[in-house]
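Reading through the structure tokens given below for one structure.
The values are calculated or read from the model by the stated rules, or taken from the named source; none is laboratory data. Everything quoted here is computed from the prediction, not taken from an experiment. A quick note on method: Cβ atoms are made from the backbone with ideal geometry, for glycine too, and the neighbour counts reach across all protein chains shown. Surface areas here come from the heavy atoms of the whole protein model, side chains and all, with no ligands, DNA or RNA. Shrake-Rupley method; radii C 1.70, N 1.55, O 1.52, S 1.80 Å.
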Amino acid sequence: QVLLVESGGGLVQAGGSLRLSCAASGRTFRSYVMGWFRQAPGLKRVSVARISRSGGNTYYADSVKGRFTISRDNAKNTVYLQMNSLKPEDTAAYYCAATTRLIPTVREDDYDYWGQGTQVTLSS
């Protein structure tokens, strides 16, 4: 069982930056592939970024590539999402998720544990 708690969301102007954090409970954090998803109002939840268990491999949605960076600190049981050059279309609730699968998948159904979400709102 893994408990995930996101933080770092807020209101930010277009062009600005935010760093989201997701703290995980338990001593097996390093055995989970981690992902960040987001859900805008009226839309389905979609994958934003994923990271392998070691942190050596990262993957991004085309919409955020070059602007967002996912990273993890296994010693601190935390995964991060650094978001730069934010755009109004980045407005969404952001969720971190953990999966025991070996491959950092984009499928929501492949993730076993989810945080409660943190809201990111862009003002133009």
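Figure legend. Inter-residue proximity from segment 42-60: first residues over 11 Å from PRO104 (Cβ atoms) and modelled with pLDDT of 95 or more, second residues in a strand (DSSP E or B) and among the aromatic types (Phe, Trp, Tyr), beta-carbon distance below 8 Å, spacing 6+ or different chains. Indicated pairs: ARG45/PHE37; ARG45/TYR95; VAL46/PHE37; VAL48/TRP36; VAL48/PHE37; VAL48/TYR60; VAL48/PHE68; VAL48/TYR94. Put simply, of LYS76, LYS87 the only residue that is more than 14 Å from ARG53 (Cα to Cα) and among the basic types (Lys, Arg) is LYS87. For segment 45-68, a residue qualifies if it is of a type in the set (Ser, Thr, Tyr), in contact with a strand residue (DSSP E or B) (Cβ under 6 Å, 6 or more places away or on another chain) and open to solvent by 30 Å² or more (accessible area, probe 1.4 Å), and the qualifying residues are THR58, TYR59, TYR60.
Residues to consider are SER71, SER21; find the one that is open to solvent by less than 30 Å² (accessible area, probe 1.4 Å), of a type in the set (S, T, N, Q), assigned to a strand (DSSP E or B) and at negative phi.
Unique residue meeting the criteria: SER21.
Filtering segment 90-109 to residues that are in contact with a strand residue (DSSP E or B) (Cβ under 7 Å, 6 or more places away or on another chain) and over 11 Å from MET34 (Cα atoms) leaves ASP90, THR91, ALA92, ALA93, TYR94, GLU108.
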